Amino acid sequence: MLSQYVRRPAGPLVRPFAGWYSGYRETGVAPAVHRGLPSPFLTLIVTLDDPLRVASHPDPATPPGVYDTLLGGLHTTPATIVHDGRQSGIQIALSPLGARTLLGLPAGELANLDVAAGDVLGPFVDVLRDRVRSAGTWPERFRIVDEMFAARLASPVLPAPEVVHAWRMLRTGTVSTAAVAREVGWSGRYLSRRFNVEIGLSPKAAARVARFDVARRRLQDGADSLAALAAGCGYYDQAHLTREFSALAGCPPARWLAEEQLPPFRNVQDPEVPWSADWDA
């Protein structure tokens, strides 16, 4: 039996556009079901051995599929991923602010969708997959990802500064959308329109997903109690947390924690890419 789970933040050049790279490889383990939860990042998955099997997508109209590479936009309902005891790949967390630069389109065009990554990235993703599959270690693979994405940064295209500022405010999960609109000087309606194009979620949905993302990570890290978690993440009470978790994850927090038995990710130490608390794009 083999289980490897490693993670490293994106390199300095890529970090304004991506959060981190997660590598995983399991063989000889029990078949399992994994929930791909809503998060503030678009997801690019590049498989190493067996293809990725998606049993259900955030958009229920999308049929189950098998993917060598997959690109998913922001969403508010989980995907369901299954494996038969073997899985391996690299998951790349892409900021929606970097979608125009790295993907060539605004994140809104991928909202609630999972697609074959080649449909958006073309031959680039096939070359990326070939190169990371030929590498022998996780640090080598992560450096290849850094190198190939850094090469796409010659002419970065960012959303309007107001969208960038609003997104970074909402990422905290604790600020109201009305306060954000006042801060950037836009009406709530105009902010929502621009967010749906550039981010793929409304400001209210983005704040909801960001708060959920903080809560589920703290839960996975061993939060003391659901009541304390709810208070620390800005929910009204434990019941509010449970309702939101059930809506976004498809099950209550205790059930998700019991079912999601992945080993913790080990942070890959790289002197050229120091780990810090502010690497989230």
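Taken together, the values in this text are just the output of simple stated rules run on the coordinates, not laboratory data. Quick caveat: nothing in here was measured; it's all calculated off a predicted structure. Virtual Cβ from ideal backbone geometry, glycine too; neighbours counted across all protein chains shown.
Here the gap between residue 193 and residue 116, fully extended at 0.36 nm per residue and compared with their Cα-Cα distance, gives a gain of 25.0 nm.
Spin-label model, residue 53 to residue 109: label points 7 Å out along the Cα-to-beta-carbon direction sit 3.2 nm apart.
Between residue 33 and residue 153, the contour length at 0.36 nm per residue exceeds the Cα-Cα span by 39.6 nm. Considering only 210, 187, 238, and ranking their Cα positions along the charge dipole of region 161-250 that arises from unit charges at the beta-carbon of Lys, Arg, Asp and Glu, the one farthest toward the positive end is 187. Quick check: Cα centre of region 165-190 to Cα centre of region 49-118, how many Å? Between the Cα centres of region 165-190 and region 49-118 lies a distance of 27 Å. Over region 2-155, the hull volume per residue, using the convex hull of the C-alpha atoms, is 99 Å³. Here region 161-250 is treated as a sphere whose radius is the Kirkwood value from Cα pairs; by Stokes-Einstein at 20 °C and 1.002 mPa s it diffuses with a coefficient of 157 µm²/s.
In a fully extended conformation the segment linking residue 239 and residue 165 would gain 23.5 nm over its present Cα-Cα distance, using 0.36 nm per residue.
For region 144-241, chymotrypsin sites (Phe, Trp or Tyr not before Pro) meeting the loop criterion (DSSP other than H, G, I, E, B) and having at most 14 other Cβ atoms within 10 Å: 236. For the chain, just list the percent of Cα-Cα distances falling in each 10 Å bin from zero outward, please. Going from the shortest bin to the longest, the percentages are 6, 28, 37, 23, 4, 0.
Along the charge dipole of region 161-250, pointing to its positive end and built from +1/-1 on Cβ of Lys, Arg, Asp and Glu, which listed residue (219, 200, 248) has its Cα farthest out? Value computed over the given set: 200. Once C-alpha pairs closer than 8 Å and six or more residues apart are averaged by separation and normalised to the residue number of region 72-119, the relative contact order reads 63 percent. For the chain, adding -39500 (n - 2.57) for each run of n ≥ 4 DSSP H residues and dividing by the number of residues yields -11000 deg cm²/dmol at 222 nm.
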